[in-house]
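The values are calculated or read from the model by the stated rules, or taken from the named source; none is laboratory data. Small disclaimer: the values here were computed from a predicted structure and weren't measured. Positions of Cβ are backbone-derived with ideal geometry, glycine not excepted, and every protein chain shown enters the neighbour counts.
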């Protein structure tokens, strides 16, 4: 594959860099580089700045309000935004339910929801996992009973990321208990602001509560909120998961964390000299940088594939991306050394300015390490992804 930059591609990269430099608020950039937890308003600010520029849906086609960018442009955009300290774009609307609605939604659903995803007038969360039904998602117990022109939904979802901010949930629920497990599931859109929806935070290793459990008690959803056909939700769920796993590769995130690692190594001192002068540290950084570049090539190969669905190749990206995100977090903590030991979860929520990774940053190194352990689990555990690869690609 010829990856020589064309003049048009260089110009596009410079356009993205200039926009982010001019528009991204310095306070938001500082919080992102410092691994501080972002508030709802922080995400909204960035999303709406992009929407005003016409860049609110980088991966969507023009007819649905997207940019119509090609895979390389999307890759350039992601990497440059992350390197500059921009928050990640919320994946649940743009990268998950959005593509499902475009492919399987009714005209009314597209008209109602797609434009509001771009501006985050509707914040979405994912109602998949349940206690006892994570990797074995087909065993889910949440039920949706058809009563007249609506569904009555009862059950519990867990590990629901950012559900405490959400306006809507795309939910998998069992609509036929007599059918084969995968066949008896439907995908239904649920208004999170109605009575009967309870969101309870789950505190994680880093001291935050980004994920939640969600209780659904006699929650109602009109029949118009059913995606596609009743009992065919597993088809839409797999399509969505393919897009989610491609996103979990996190190539932009990897580039940013690599830059933070290098800066941290330059600033941290050991025995009177910069840690970056230690040959073992330099070797570790060089090795992980080579792996990040290899992942970038993998992402581009999958993105430029002729097929429209990520398929099992997304599992490869999910595994490598999650492994690299964990490795980068581990190396940052190792470079921070003893400075990372007095771990203070409150650092994650601080509003202080950030002047580059140094001793004052080390309090976040352990928190980031703990937080990144989740990447091997969400979106389907890495062990499950290896099974998908063995079955669908290798054929064993």
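Observations on the model:
- Those residues of the range 122-144 which are part of a loop (DSSP other than H, G, I, E, B) and more than 19 Å from the chain's Cα centre (by Cα), in sequence order: 131, 132, 136, 140, 141, 142
- Test: residue in the range 215-226 that is on the phi < 0 side of the Ramachandran plot and modelled with pLDDT under 95: no
- Where a residue in the range 247-271 is more than 19 Å from residue 286 (Cα to Cα) and its partner, wherever it lies, is outside any helix (DSSP H, G or I) and modelled with pLDDT under 90, with Cβ under 8 Å and at least six apart: 248/378; 248/379
- When residues of the range 25-45 are limited to those that are assigned to a loop (DSSP other than H, G, I, E, B) and touching a helix residue (DSSP H, G or I) at 6+ places or on another chain (Cβ under 7 Å), the one surrounded by the fewest Cβ atoms within 10 Å (Cβ to Cβ): 25
- Inclusion of residue 191 among residues that are modelled with pLDDT of 95 or more, more than 26 Å from residue 61 (Cβ to Cβ) and not assigned by TED's automatic domain parsing to the domain that holds residue 45 is warranted.
- Listed conditions (1) more than 25 Å from residue 375 (Cα to Cα); (2) buried (at least 18 other Cβ atoms within 10 Å of the Cβ) are all met by residue 187, apart from (1).
- Some residue of the range 68-87 being surrounded by 15 or more Cβ atoms within 10 Å (Cβ to Cβ), without any contact (Cβ under 8 Å) to a residue 24 or more places away in the chain and part of a loop (DSSP other than H, G, I, E, B): yes
- Of the residues contained in the range 182-200, one or more are found to be at positive phi and either without any contact (Cβ under 8 Å) to a residue 60 or more places away in the chain or in a strand (DSSP E or B) (or both).
- Exactly one residue out of 17, 10, 48 is over 29 Å from residue 368 (Cα atoms) and surrounded by fewer than 19 Cβ atoms within 10 Å (Cβ to Cβ), and it is 10.
- Condition met for residue 205 (in contact with a helix residue (DSSP H, G or I) (Cβ under 7 Å, 6 or more places away or on another chain) and crowded, with 21+ Cβ neighbours inside 10 Å): no
- The lone criterion from (1) exposed (fewer than 15 other Cβ atoms within 10 Å of the Cβ); (2) over 24 Å from residue 94 (Cβ atoms); (3) at pLDDT below 95 left unmet by residue 200 is number (3).
- Checked against (1) assigned to a strand (DSSP E or B); (2) in contact with a helix residue (DSSP H, G or I) (Cβ under 8 Å, 6 or more places away or on another chain), residue 114 meets all criteria but (1).
- Taking residues in the range 5-18 that are farther than 16 Å from residue 81 by Cα, and partners anywhere that are surrounded by 12 or more Cβ atoms within 10 Å (Cβ to Cβ), not one pair has Cβ atoms closer than 7 Å while being at least 6 places apart or on different chains.
- Matching entry among 290, 338, 329 (being over 24 Å from the mean Cα position of the chain (by Cα) and either surrounded by fewer than 18 Cβ atoms within 10 Å (Cβ to Cβ) or at pLDDT 90 or above (or both)): 338
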